[in-house]
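Asks: Can you keep this structure in mind? I'll have questions shortly.
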Amino acid sequence: LSVPLLAYATLKHNNNNENENGNSSSNWPWFVFWCSIPCIVSTLLGVMVVPESPRWLLEQGRHQEALDVMKHAARLNGHLDPDATFP
């Protein structure tokens, strides 16, 4: 629903796509720019917030980091003692 509203706000509303000087102009680059911002923000947040996969960490030989990620997930899921679950 936000893309049609963004298109309405950024793209020209006249049918012949000419400005008042008679030159052809387009707002498509602005439309594409504004549509790309949510993707860029979500990618940056994903890189900064989402932890590495425990499976990937184990394959890389980073066993303690994988265990820490699993313990953190257990705490978030309500386990009272993740250290007992993952010794």
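The values are calculated or read from the model by the stated rules, or taken from the named source; none is laboratory data. Bear in mind the structure is a predicted one, so any value in this text is a computation, not a measurement. Reconstructed Cβ throughout: ideal geometry from the backbone, glycine too, with neighbour counts over all protein chains shown. What goes into the accessible areas is simple: the full protein's heavy atoms, side chains included, and nothing from ligands, DNA or RNA. Shrake-Rupley method; radii C 1.70, N 1.55, O 1.52, S 1.80 Å.
Asks: Filtering the stretch 25-52 down to residues that are outside any helix (DSSP H, G or I) and open to solvent by less than 90 Å² (accessible area, probe 1.4 Å), which residue is farthest from residue 86 (Cα to Cα)?
Replies: Per the criteria, the residue is 25.
Asks: Here's another thing I want to ask about it. State the number of residues belonging to the stretch 53-73 that are out of contact with any Leu (no Cβ under 8 Å at 6 or more places or on another chain), open to solvent by less than 100 Å² (accessible area, probe 1.4 Å) and among the acidic types (Asp, Glu).
Replies: Residues in the stretch 53-73 being out of contact with any Leu (no Cβ under 8 Å at 6 or more places or on another chain), open to solvent by less than 100 Å² (accessible area, probe 1.4 Å) and among the acidic types (Asp, Glu): 1 in total.
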